[in-house]
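First the structure, in the form of structure tokens, and then the observations on it.
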Amino acid sequence: MPGFVIHLAVANEYIRKHQNEIKQKEDFLKGVIAPDFTTDKSKTHYAKDSINTNLKLYLESNIVNTDYEKGFFLHLITDCIFYQKYFKNLTTSLYNDYDVLNKTIIEKYNVKVLKEIEPYAKYKQGEPQILKEDKIYKFIEEVSNLKLEEVKLKVENNESII
């Protein structure tokens with residue numbers, strides 16, 4: 001899964017680019033982090049793990065009308081694109097990279113670290129080993145440019161979102 005700060009950066013950019021779509025920013029942001037606040041991600045990612053997130057199953061069980069639900073859906077989309085397009089075959093060493101990149105991402109995307117994730121938003125010095133800044137920035141831009149309704153239609157029609 002992308003780290004919480006990456007999810008919030010995607011959400012901030014999404015809100016900035018689609019201002020008329022999100023009315024309750026706090027609800028949207030809470031929805032964006034909700035799928036990872038569990039001990040059993042198979043239930044929130046509709047698959048055995050977040051690497052294999054199943055958007056179709058999610059949409060069969062949810063309407064995606066509220067800003068919270070839109071944030072939740074954006075989280076799942078972010079996970080799909082992260083693992084299926086940008087960062088295939090990752091190891092757990094990427095968690096160190098999150099800690100190294102968090103400060104830079106927070107500053108670049110004006111991320112407000114929600115109190116719920118403060119214990120998880122760690123900061124370390126050093127160079128990322130797997131997640132390079134330019135690729136993370138490209139990823140954040142691509143996902144935040146998507147329109148949730150268009151992604152929803154693609155998923156419902158069994159089309160690829162990648």
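Read the figures in this text as sums done on the coordinates, not as results from a lab. None of these values were measured; they are calculated from a predicted model. Positions of Cβ are generated from backbone atoms using ideal geometry, with glycine treated the same way; all protein chains shown enter the neighbour counts.
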Compactness of region 1-53 as Cα Rg over 2.2 N^0.38 Å, two decimals: 1.23
Interchain or long-range residues, amide H under 5 Å from I161's placed H: none
Helix 94-108 axis, angle to the chain major axis (alpha carbon atoms, nearest 10°): 80 degrees
Segment E26-E107, length gained on full extension (0.36 nm per residue, minus Cα span): 27.2 nm
Sorted by Cβ neighbour density within 10 Å, fewest at the top, the residues V111, V100: V100, V111
Förster radius 25 Å - calculated FRET efficiency between L114 and L153, Cβ distance, rounded to 0.05: 0.25
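Applying a 10 Å radius around every beta-carbon, put 13-24, 29-40 in order of their mean neighbour count, most first.
With the highest mean Cβ count within 10 Å placed first, the list reads 29-40, 13-24.
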Residues of type aspartates and glutamates that K154 reaches as a straight line, Cα spacing below 14 Å, ignoring anything fewer than 8 places off in the same chain: E60
Residue-span extension gain [N65 to K17] - 0.36 nm each, minus C-alpha spacing: 15.4 nm
Cα principal axis extents for region 1-89, largest first, Å: 34, 27, 21
Enclosed volume per residue, in Å³, of the convex hull spanned by Cα atoms of the chain: 105 Å³
